[in-house]
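J.: Mind having a look at this structure? Questions to follow.
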Amino acid sequence: MAMIAAVPQPRRSRNLWAGLAAALLLCLGLTGASRAEPAPTLAAQRPNIVLILTDDLDAAHLSRFPNISNLLARQGTTLSRFFVTNPWCCPSRSSILRSQYMHSHQVESNRSPTGGFPKFRPLEASTLGTWMHDAGYRTALMGKYLNNYPEGAPRTYVPPGWDEWDVPVTRLYQEYGYALNENGVIRRYGDAPEDYLEDVLSAKAARFATDSAGGDAPFFLYLAPVAPHLPAHYAPRHAAAFAGESAPRPRRSTRPTCPPSPAGSASARRCRPRTRAGSTASTATGCAPCSGWTTWWAPWWTR
């Protein structure tokens, strides 16, 4: 099963497979291969494609996921040269869906008016989903689509190009107590162990792949779990999985907690350096530090 495929640009998607077919027939004619034995059909040569997009999983923690190593890396599926168009979620996902850099699709952030689903929606007539669907693939998107989906649209809204659509419309990152848009029908899930979002999506993905494998058309599955994005809720069976682990602690700064002020001013007397332990040095008069300075050294997930 192929994991990666070249994605055509939007304007050429309608003629992609016709061009490939013509090129294939020409090559067979020139080499004489067509006289040796009947050429396989183009549909038979097209691979099934599974794209799994995790949320905020960094490379440092890949060793904690043995299935990634056992089922992908050790089987030869690795990427030694790669890049992303933008570190933010929605601009990067928009690039995946449109095969464009951010300056072309212009989704610049996670929220409207500069980003998010509302900014991307006018582009939905030509996306990875529509290209694969027009190329004869059975398509599915399961999990996180874009930030703020479905803001500005009904909760039952399904973008063009997707034969199977299972995307949360409420409580996206909570993993429990959410609602899924399941092909235009809203289904609510509770707080039981079997309602854990990643398990629900995994079961749906397996069923889609199994059902599609028996058909004539190849399938394209875009599976986008929200894990391990904070608050990083987990399935009950994993409660003791990392009992001996410690959360990473960012280095603390000795930078003053207030903007620089003229020597001797009232604000300068209030501001004291922050120690590496995170506490604030006190003065003989007991002056508290200024609260107006942003704690820039805080980890990114608290900002």
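The values are calculated or read from the model by the stated rules, or taken from the named source; none is laboratory data. All values derive from a computational prediction rather than experimental measurement. Positions of Cβ are generated from backbone atoms using ideal geometry, with glycine treated the same way; all protein chains shown enter the neighbour counts. Heads up: the accessible areas ignore ligands, DNA and RNA and are worked out on the full protein's heavy atoms, side chains in. Shrake-Rupley method; radii C 1.70, N 1.55, O 1.52, S 1.80 Å.
J.: Which net charge results when you count Lys and Arg as +1 and Asp and Glu as -1 among the other residues whose beta-carbon is under 10 Å from that of H233?
T.: -2
J.: Excluding ligands and nucleic acids, what accessible area in Å² is computed for W162 using a 1.4 Å probe, to the nearest 10?
T.: For W162, the solvent-accessible surface is approximately 20 Å².
J.: Do any trypsin sites (Lys or Arg not before Pro) in segment 164-220 lie in a loop, going by DSSP, with at most 15 other beta-carbon atoms within 10 Å of their beta carbon, and if so which?
T.: Loop-located and lightly packed - R171.
J.: How would Y222, Y157 line up by accessible area, probe 1.4 Å, largest first?
T.: Y157, Y222
J.: Report the Cα centroid-to-centroid distance between segment 143-172 and segment 73-127 in angstrom, as an integer.
T.: Here the two parts' Cα centres lie 16 Å apart.
J.: Place the peptides 209-217, 95-103, 112-120, 191-199 in order of packing, highest mean first, counting for every residue the other Cβ atoms within 10 Å and averaging per peptide.
T.: 112-120, 95-103, 191-199, 209-217
J.: Separate question: Going by average Cβ neighbours within 10 Å, how do the peptides 55-63, 73-81 rank, with the highest at the top?
T.: 55-63, 73-81
J.: How much net charge surrounds G143 when only other residues with a Cβ under 9 Å from its Cβ are counted (Lys, Arg +1; Asp, Glu -1)?
T.: -2
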